[in-house]
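Report on the structure given below.
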Amino acid sequence: MNIFKMLFGAKAAAAPANQSLPATPSDQSSLADELDHYSGYQRQAALERCAALERTDLLPLVVVRLNDWVPAVRHAARATMQRLLPLTPVPQLLQLLPNILRLREMGRSDHADWLQHFERAILELLNVQDLLNGVGGKNVHVARSCFYMLHQHGLSEPVQYIGMALATRGDTVLATQALRLCASAAPDVQTALYLKAMSSPFGRIRTSAFLSLTQAPGGQDMHALAQASLLDAQASVRYLAIACLQAKGEDARISYRAVLANPASNTQAIRVSLLALGSLRAPEDLELIRAFTQAKLPSVRLTAYNAWLKMAPSDKDVIALQAADDAAPGMQRFAWLMVSRQGAFIPFATLRPLLEARGEHDLLLRYASANKWHWLSTIAHLAMAHAPHRPSLTCLQRELLCWIRDAQRSTAEPDAQQHHLLSQECAQAALRALLTVQDEHYSTLLTHELARHQLTPAGTPQH
């Protein structure tokens, strides 16, 4: 068998050029499948039928064939595109644009000449307003393609489509492309565009725009802009604004303290002001920051703890203990991060009743696991508690198995209180009750570890 026939199938007889192909039911149902057929001859014939039947609904599949591995299929796809594009509604053309322009990145064939022809053809079908609407639309890929067409072909005023791209709320890539083009605009236009970028939802864009405004000619009133940027949600924008005011001899702390002293200030402004004061690390602001750890809103209290930590890292133990005593959501995670990442210390004897009273047993076990005997004592204590006041037995069993596996890694000895608890028969019975018949090996290891540290019930002979 001829290998080409095996790979591509037998070539179908071509219809005369002046003969129209009927839209038979089989054509309507099978064209989509034939466009993805393994045979290049079949794909080519399907493309020709798409053109003859004016199947604009299949254009997304035709676009795929523009980069087909068979040259004849690629040529047929281009011819089909040329036939169907004038019949395609504007919204559908905009949706096709990204996939077609993506051919610039394909290496199977050099599409450059054809893409130039395509772009000229598409501009005859789409007007400037259509492309501007695409830039402002919700589809980010369409927006990028329309932006490219407007810039590449010099359509519309740059300030118009660059400004629209800077204001986009869903695509940082497009906003970054637009920001780069600002530098090539006239000085007076530059300032307007950078000011437009200051309203971008992306902090990176606002930061770059602020920095560019400080270097751009045109006498922009940076004092007013810096004052307005002191409460920006992006820290890098705030730092630039603070530096700008400091260069003019002004202390940004005055503005932040005024926000915190104003009862009408909103939550976002209060939180930003606390973080900014914490970053500036002026000792005289510490009492004000600490006062907000007693604020009504948990989000404000949590921000105040973070600002306090920034200003006085040496107070981490006090901060962690105070946060651990706060029952609001998020505070316990903050306290745990302080202990696990910042190295803060909270006495376990202080922490245990706080967490146990709130029923936060998982967090209690997490804290306890840092100390071998705190961990086992906590497991035994919870195992002896009544059901409503303890975690599930499955959880306790998992913790005990982990403890047994890790027991050999530490040579620490239990203190007097732990020794007293773990030497009791009821405590050891509660621990063994967590182990199933399948855990017999672990039960033996537990007995050995307890005996090694003289943790045997009274009256039990020690060997």
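Just to check, using Stokes-Einstein with a Kirkwood Rh over alpha carbon pairs, what's the diffusion coefficient of region 109-222 at 25 °C and 0.890 mPa s in µm²/s? Before the final figure, lay out the partial values.
On the way: Rh = 14.8 Å.
Using the Kirkwood radius from Cα pairs, D works out to 166 µm²/s.
For region 208-273 versus region 102-165, the spacing of their alpha-carbon centroids is 37 Å.
Karplus-based coupling profile of region 293-304, in residue order and whole Hz: 6, 9, 5, 6, 7, x, 5, 5, 4, 4, 5, 5, with θ = phi - 60° in 6.51 cos²θ - 1.76 cosθ + 1.60 and x standing for Gly or Pro.
The mean accessible area for residues of the chain, using a 1.4 Å probe and ignoring ligands and nucleic acids, is 53 Å² per residue. Structure shown: which of 196/316; 296/316; 248/310; 296/372 lie over 31 Å apart, alpha-carbon to alpha-carbon? Distance filter (> 31 Å) returns 196/316; 296/372.
For region 99-236, the carbon plus sulfur part of the accessible surface works out to 50%, probe radius 1.4 Å. Quick check: at a probe of 1.4 Å, how many percent of the accessible area of region 268-382 sits on carbon and sulfur atoms? Carbon and sulfur atoms account for 55 percent of the accessible area of region 268-382.
Based on every Cα atom in region 167-306, Rg and the maximum pairwise Cα distance Dmax equal 16.7, 52 Å. Over the chain, the fraction of Cα-Cα pairs per 20 Å bin, rounded to whole percents and listed from the shortest bin up, is 18, 26, 25, 26, 5, 0. Highest mean packing first, where packing is the average number of other Cβ atoms within 10 Å per residue, the peptides 305-312, 37-44, 436-443 line up as 305-312, 37-44, 436-443.
The values are calculated or read from the model by the stated rules, or taken from the named source; none is laboratory data. Note that this is a predicted model, so its numbers are computed, not measured. Here Cβ is always computed from backbone atoms with ideal geometry, including for glycine, and neighbour counts include all displayed protein chains. Remember, those area values only see protein heavy atoms, side chains included, never the ligands or the DNA or RNA. Shrake-Rupley method; radii C 1.70, N 1.55, O 1.52, S 1.80 Å.
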